[in-house]
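The values are calculated or read from the model by the stated rules, or taken from the named source; none is laboratory data. As the structure is a prediction and not an experimental result, all values here were calculated from the model. Cβ placement follows ideal geometry from the backbone for every residue including glycine, while neighbour counts extend to all protein chains displayed. For accessibility, only protein heavy atoms count, side chains too; no ligands or nucleic acids. Shrake-Rupley method; radii C 1.70, N 1.55, O 1.52, S 1.80 Å.
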Amino acid sequence: MLLPFVLIALVFWLLILRPQQKRRQQETKMQSELQPGVEVLTKAGFFATVVEVRDNEVELEVSPGTRIRMLKAGVGDIVRPNETAADDTPVEDRPDFPGNDDKNDGK
């Protein structure tokens, strides 16, 4: 009789509580890595550079001369330089760009 309740509690822990704990640990680790000069992506979708780090807030420069103060919890991720696209080909020169058909070259 007690076994179904134990199984439900175990499934609840495995599917909900454990992943939340891991995400919280990763977020805390990321927030501890914040330092001036690091480029970040905020949870609101802004790319910015960290200017100053305080106890529970950071000062970010979103454009030259424009600074905002934000809670550390508002920082979504640190942008690493190796995460940028390695392909520097302009979009219109890529083979999958619409209009690059050899069939429609005017002949």
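Quick rundown of the values:
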quantity	calculated
Potential extension, R67-D96 segment - 0.36 nm per residue separation minus Cα distance	6.5 nm
Estimated FRET transfer efficiency (L41, F5; beta-carbon r; R0 41 Å; 0.05)	0.45
FRET efficiency, L15 to R54 (Cβ-Cβ, R0 30 Å, nearest 0.05)	0.25
Radius, Kirkwood style, for the stretch 1-45 when every pair of distinct Cα atoms is counted (Å)	13.3 Å
Å² of accessible area per residue within the stretch 1-47, as computed with a 1.4 Å probe and no ligands counted	87 Å²
Sequence-distant residues sharing a close amide H with V79 (under 5 Å, placed H)	E39, V40, L41
